[in-house]
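Structure record follows, encoded as structure tokens.
The values are calculated or read from the model by the stated rules, or taken from the named source; none is laboratory data. These figures come from a predicted structure and were not determined experimentally. FYI the Cβ positions are ideal-geometry reconstructions off the backbone, even for glycines, and counts take in every protein chain you see. To get the accessible areas, we keep the full protein, side chains included, count just its heavy atoms, and leave off ligands, DNA and RNA. Shrake-Rupley method; radii C 1.70, N 1.55, O 1.52, S 1.80 Å.
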Amino acid sequence: MASSPPSFSPSRTTCASLLRQLQMIWDEIGESDTERDNMLLQLEQECLDIYHRKVEKTRKHKADLNKLLDDAESEVSSIASSFGDCLSFSRGKGTLKQQLANIRPVLEDLRSKKDERVKEFLKIKSQISQICAEIAGSGQSKDVTDQDLDQRDLTTKKLGELKLHLDELQNEKILRQLKVKNHITIISELSTVMSIDFKKTLNGVHPSLSDSSNGAPLSISNDTLAALTGVVHSLKQEKQQRLQKVQELTKFLVELWDLMEMPIDEQKAFSHVTRLISASVDEVSIRGCLSADVIKQVEVEVQRLNVLKASKMKELVFKRQNELEEIYRGVHMDVDSEAARKILTSRIESGNIDMSELLQSMDDQIRMAKEQALSRRDILDRVEKWKFAAEEEKWLDEYEKDENRYSAVRGAHKNLKRAEKARILVSKIQSMVENLTAKVKAWETEKGIPFLYEKAPLLQSLVEYNVQQQLREEEKRKSREQKRLSEQLSVEQEAMFGSKSATKKPLSQSTHANTIAGTPTGRRVQTPSSRYGTSGAKDRRESGRMNNIIPVNYVALPKDDSASRGS
């Protein structure tokens with residue numbers, strides 16, 4: 001119950017004075033007491049109503065203060081809870097206004113901290129939203145507001161989780177940017193090699209890749225990465241196909257050059273493609289080396305050479321024929337050049353044959369001829385040695401028949417040296433023939449065909465040579481026997497009839513004369529029996545001449561002495 005107002009209250013003083021003034025007015029008017037009582041009752045009621053309204057208003061104000069205090073306490077607890085703190089505030093003692101004054105600084109501090117925390121959360125969430133939008137390729141990210149934030153959880157743990165998520169997204173963004181830049185670099189290199197419009201290619205994937213002057217961030221979306229990967233794969237395949245095409249054209253170009261023996265100066269004009277003939281895809285990095293213009297240039301040159309090839313094909317065919325004949329002649333193989341050329345001419349003039357196939361056929365023949373020539377080389381070398389030895393044998397026979405071979409003429413010492421070498425070589429002829437015969441038989445067994453030398457079977461020539469050698473040996477043996485009988489007859493005649501002193505020289509003088517002339521009688525008698533080379537007819541002529549013409553002063557030496565001199 002409220003205490004009574006003090007007696008000196010201005011309102012009460014005013015009311016009493018107003019009430020006296022009202023009584024005086026009523027007296028003057030002459031109002032009855034009943035009227036006066038009703039008016040006073042009405043006046044008291046109005047006063048009570050005013051007091052009631054005032055009390056109610058004051059009570060409501062008190063309730064509002066209590067509510068403010070409760071709300072402040074609740075907000076303090078809520079903010080503290082959102083921070084993860086267990087903070088409680090006690091009202092303490094004092095009036096409501098005093099309690100509100102106590103809690104207001106705490107609440108304002110917590111609100112400030114909350115605002116800072118919310119701003120931090122919103123900033124991180126905005127960055128996350130932006131990166132997610134870039135990865136998704138959805139363009140601009142939507143703004144993050146307080147409504148998008150759960151303000152009931154503003155703890156440091158939640159903030160750390162968001163920062164960790166942001167770090168992961170930022171790393172993902174960096175990796176994607178590196179992938180995009182790497183793809184762009186590869187596309188740039190491939191475009192440079194093939195002379196493709198680099199900016200147009202990138203603009204077809206995403207405008208931000210070819211033009212960064214407008215400040216737009218580089219697209220790192222999944223679609224962009226997938227499109228870049230596809231472009232890189234497509235360009236690599238295109239590079240592989242172009243390189244393969246250039247290599248095929250260049251190989252054909254080189255074949256045509258070799259085929260038509262094109263000048264080196266004309267070949268140098270295409271050195272930029274010939275260096276690619278054995279290069280791998282990764283090794284090709286020269287600007288424009290696989291451009292469409294380069295490929296077109298090579299195609300045009302191949303077409304030009306094909307036209308030129310058609311006009312020169314007959315010349316090329318006969319050039320191949322010359323090469324084939326040269327190989328055959330080089331290894332003494334039989335070849336009918338005239339017949340072969342007639343056949344080639346008729347086939348070319350008929351027009352029913354592919355010249356490229358004909359050239360290929362001739363190349364195959366040349367290859368087989370070279371292989372066959374290589375297989376004959378060892379035998380041919382042995383034949384040449386045998387032929388040379390046979391020639392030396394003939395020369396040696398002729399040389400030993402020369403009675404003046406030891407005379408002091410110009411060049412006699414060279415013939416002596418040659419004769420010594422020839423004797424050594426001739427002594428090996430028989431083993432040469434035997435080894436050569438074995439080689440030829442082995443070759444014929446392996447190949448299944450006879451070994452021809454100058455259109456004749458070599459084995460037959462060797463057999464004929466052995467037969468001739470045996471005949472010459474027999475003739476030489478008979479010649480030696482006739483000489484022996486002739487010598488014996490001469491000795492017997494000298495023993496029976498003697499000799500005239502006027503016509504016969506002393507033995508010592510004759511021997512001395514023969515020695516000065518350099519032709520010992522013993523060597524002259526012995527030489528034919530130790531050589532092979534002369535023919536049978538020539539041996540018979542020599543033998544007959546010696547039997548018919550016997551010098552009067554001929555002196556026969558003992559056989560043993562003659563043999564020792566001949567050796």
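On the accessible surface of the stretch 168-322, probed at 1.4 Å, how many percent belong to carbon and sulfur atoms? Exposed carbon and sulfur together represent 51 percent of the surface.
What FRET efficiency would be calculated for the residue pair Gln45, Leu96, taking the C-beta separation as r and a Förster radius of 35 Å, to the nearest 0.05?
Working from the Cβ atoms, E equals 0.65.
Bridgeable lysines around Lys319 (alpha carbons under 21 Å apart, same-chain partners fewer than 8 residues away excluded): Lys309, Lys342, Lys370. Measuring from centroid to centroid over Cα atoms, what is the spacing of the stretch 64-85 and the stretch 458-486 in Å? Each part reduced to its Cα centre gives a spacing of 144 Å. Summed over the residues of the stretch 274-394 and divided among them, the accessible surface reaches 59 Å² per residue at a probe radius of 1.4 Å.
If a/c stays under 1.5 just call it rounded; otherwise compare a/b with b/c (prolate if a/b is bigger, oblate if not). Do that for the stretch 151-235, with a ≥ b ≥ c from the square roots of the Cα gyration tensor eigenvalues.
On the way: a/c = 3.81, a/b = 2.83, b/c = 1.35.
Cα axes put the stretch 151-235 in the prolate bin.
Using the Cβ-Cβ distance between Ala279 and Ser375 with R0 set to 25 Å, the FRET efficiency works out to roughly 0.10.
State whether the stretch 367-448 is rounded, prolate or oblate according to the following rule on the C-alpha gyration tensor (a ≥ b ≥ c being the square roots of its eigenvalues): a/c under 1.5 gives rounded; otherwise a/b larger than b/c gives prolate, and the remaining case gives oblate. Spell out each step's value before the answer.
Working: a/c = 4.68, a/b = 2.82, b/c = 1.66.
The shape class here is prolate.
Taking packing as the residue-averaged number of other Cβ atoms within 10 angstrom, the listed peptides 479-489, 393-403 run from highest to lowest as 393-403, 479-489.
With a cut-off of 12 Å between beta carbons, the residues surrounding Lys62 carry a summed charge of +3, where Lys and Arg count +1 and Asp and Glu -1.
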